[in-house]
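All remarks here apply to the structure that follows.
The values are calculated or read from the model by the stated rules, or taken from the named source; none is laboratory data. The structure displayed is predicted, hence computed values, not measured ones. In this analysis, Cβ positions are derived from the backbone assuming ideal geometry, glycine residues included, and neighbour counts consider all displayed protein chains. For the accessible areas, the whole protein counts, side chains as well, though only heavy atoms, and no ligand, DNA or RNA atoms are used. Shrake-Rupley method; radii C 1.70, N 1.55, O 1.52, S 1.80 Å.
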Amino acid sequence: MAVSAAWVFGSLVPAGAGFSGEMEELGLNHAVKPSSEPLRAPARRVEVTGSAELRSPPDRAALIVSVTSSKNSVNDAANSVTRRLEYILQTLRQHAVKEEDTVVTKHIQREEDLYCVQAEVSVVFSDFEKMQNVRSVLIEKLDRTVYIGDPQFSHSEECLSLLRRRVCVAAVETARLKATEVCNVLGQALGRPLLVREEDFQEWTCGQQRGAANPLTLQQKVGQMTVCASSRVFVTFELRPKDSTRKKL
């Protein structure tokens with residue numbers, strides 16, 4: 001039986017290029033080019049929480065002083081109020097109280113056959129000792145027709161803003177110290193912070209109320225209006241190996 005001849009055609013290609021060449025001819029070569037950036041191992045990290053609680057006493061005290069006079073003549077009532085009002089303002093000037101911290105209001109009304117004239121002085125103090133001195137002088141020198149109220153303590157917006165920032169920073173510092181101790185136990189070094197998040201913040205008046213039978217001192221009144229704030233943060237730090245290389249002697 002006759003055997004038909006078979007012909008084989010072939011070509012030489014560079015090593016590693018044969019399969020790619022065939023794929024190109026078939027239009028199926030969609031290989032992704034390798035990235036020029038080296039692959040990085042996922043960063044090792046340590047995650048901790050930190051908390052802090054701080055308190056801030058009030059930094060403002062408002063004092064109300066009112067003068068009232070009732071007379072048959074409106075002029076007599078006004079003159080009586082004016083004399084005592086001038087003494088109050090003079091006392092404030094002698095204690096170096098700023099004019100912008102003082103507000104004076106006046107009004108007049110008629111009660112049956114009498115004219116009632118009233119003047120009210122509202123003063124804001126940042127120096128509580130000065131406030132006490134002014135109040136003591138007015139109580140001593142003026143009669144009972146002059147009403148001198150108890151000081152009303154409060155916080156300025158700047159004071160509260162500073163408290164909120166300080167307690168957050170303190171919580172972050174607590175977290176950093178905790179992470180540092182963890183790294184020491186693990187024989188690692190603490191790296192840069194990767195994430196800082198405040199998870200909780202609370203603010204409240206932390207003074208305790210006292211019974212009316214026990215008169216409060218100035219310090220106790222200040223303590224009643226003291227504001228407390230707490231903060232809890234979540235912080236992620238980079239974890240780095242310690243540099244163990246030492247120069248050989």
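In 10 Å bins starting at zero, report the fraction of Cα pairs in the range 123-174 per bin as a rounded %. Result, from short to long distances: 19, 32, 21, 16, 9, 2 percent. Taking every protein chain into account, the 1.4 Å probe leaves PHE201 with about 80 Å² of accessible area, to the nearest ten. Counting Lys and Arg as +1 and Asp and Glu as -1, what is the net charge of the other residues whose Cβ lies under 13 Å from the Cβ of ASN133? Every neighbour counted, the sum reads 0. Of the whole protein surface, VAL169 contributes about 100 Å² of accessible area at a 1.4 Å probe radius. Carbon-plus-sulfur fraction of the accessible area of the range 49-200, 1.4 Å probe, in percent? Answer for the range 49-200: carbon and sulfur cover 48 percent of the accessible area.
Taking only the C-alpha atoms of the range 76-155, Rg followed by Dmax gives 13.8, 44 Å.
Average accessible surface for the range 80-123: 68 Å² per residue, computed with a 1.4 Å probe over protein heavy atoms with every protein chain in place. Kirkwood radius for the range 47-98, taken over all pairs of different Cα atoms as the inverse mean of 1/r, rounds to 15.3 Å. Counting only C-alpha contacts under 8 Å and six or more residues apart, can you give the relative contact order of the range 47-173 as a whole percent? So the answer I get is 45 percent. The residue list LEU142, PHE201, VAL103 was ranked by how far each Cα lies along the charge dipole of the range 92-235 toward its positive end, using unit charges on Cβ atoms, and PHE201 comes out on top.
Applying the Kirkwood pairwise sum to the alpha-carbon positions of the range 108-210 produces a hydrodynamic radius of 20.0 angstrom.
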